[in-house]
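To keep things clear, I will list the structure first and then write my remarks on it.
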Amino acid sequence: MTYRSARLDELRSALDVLGEWPGVGHWEDVRLVAGRVAPLVWEELREREVWHRMEAADRAAVYWALHTGHRISLGWDPAISNWKPFVTELRRECAHFAAQCESRNGHRWPEAEGRVDEHTEAVQALLWYRSFHPAWRPEVFRTLNHAHLTERDPENHPPTAWDALHHVQQRTLEGGDKPRAATGHRATGDGIDVAELFDALPEGWQIEAIRRMSTGYTPGHAVTTAAEAINALPRFGVPLRPVPPP
């Protein structure tokens, strides 16, 4: 289809509203449009018959955006939580998929820059993670969680899953200390067993979780948010086997 989509025009205006906050924009305006932007792009993907050709990770990303937008729409007080990273994430994700609908007008969605590279790196990171012996896999999340705790400026310079994988790879090659999982300790992050919950996610959601671990999410936050987004899918009319809560 080559027509100009009124739905995407509405999405462009809505993303601009999100982009104006917290500068000149108002939180109430953000709440009003946040719950609408992901459904708009989801409807467009399906109408243009792009949806059925998308990879599982891309579908998971759209579902994740639906969940993020809904959460923002319920945020009565922006001072209660730091919503800015999630508003930025929502804009970027929706712009990325809007650009897939408008390949000839990609310039309309500058927020999506670099998003494709993130996906490619996440796929490679998941393959690398799976190459480790199961006893070493929890150490990837332990290492990344520790990096979040010690990084002086995690918001602007977030630790990456790639760095954690490299660190654990070096340890395995050195043949030195054993992973804590092999000595009876559990690899925890934010109070949950990250490795077990991560491994229980469907593959597409694993890719999305590990991608977000390189964009500011702690391991625990990434996997719990993925599980929450999956369990929230019936709200959007998507039946899916729930992931047990941590």
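The values are calculated or read from the model by the stated rules, or taken from the named source; none is laboratory data. Just so we're clear, the structure is a prediction, and the values are computed from it rather than from any experiment. As a convention, Cβ positions derive from the backbone with ideal geometry for all residues, glycine included, and neighbour counts pool all protein chains shown. Protein only, heavy atoms only, side chains kept; ligands, DNA and RNA dropped before computing areas. Shrake-Rupley method; radii C 1.70, N 1.55, O 1.52, S 1.80 Å.
Quick check on segment 141-153: of everything there that is touching a residue at least 40 places away in the same chain (Cβ under 8 Å) and hydrophobic (A, V, I, L, M, F, W, C), which residue is farthest from D199 (Cα to Cα)?
L144
Looking at (1) outside any helix (DSSP H, G or I); (2) open to solvent by 70 Å² or more (accessible area, probe 1.4 Å), which one does D77 not meet, given that it meets all the others?
It fails just one condition, (2).
For V24, which of the numbered conditions (1) assigned to a helix (DSSP H, G or I); (2) of a type outside the set (G, A, S); (3) out of contact with any Leu (no Cβ under 6 Å at 6 or more places or on another chain) fails to hold?
The failed condition is (1).
Could you please tell me which pairs satisfy a Cβ distance under 7 Å, a separation of 6+ or placement on different chains, a first residue in segment 22-33 that is within 14 Å of G69 (Cβ to Cβ), and a second residue that is open to solvent by less than 30 Å² (accessible area, probe 1.4 Å) and among the small types (G, A, S)?
What qualifies is R31/S73; R31/G75; V33/A14.
Here's the yes/no breakdown for (1) open to solvent by less than 60 Å² (accessible area, probe 1.4 Å); (2) modelled with pLDDT under 85; (3) more than 27 Å from L66 (Cβ to Cβ):
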site	(1), (2), (3)
E118	yes, no, no
H133	no, no, yes
R137	yes, no, yes
L144	yes, no, no
K178	no, yes, yes
D199	no, no, no
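How many of the residues making up segment 1-60 are touching a Cys at 6+ places or on another chain (Cβ under 7 Å), among the acidic types (D, E) and modelled with pLDDT under 95?
So the answer is 0.
Could you list, in sequence order, the residues of segment 85-98 that are surrounded by fewer than 22 Cβ atoms within 10 Å (Cβ to Cβ) and touching a helix residue (DSSP H, G or I) at 6+ places or on another chain (Cβ under 6 Å)?
Within segment 85-98, F86, R92 meet the criteria.
Among the candidates N105, N145, which residue alone is in a helix (DSSP H, G or I), in contact with a strand residue (DSSP E or B) (Cβ under 9 Å, 6 or more places away or on another chain) and among the polar types (S, T, N, Q)?
The match here is N145.
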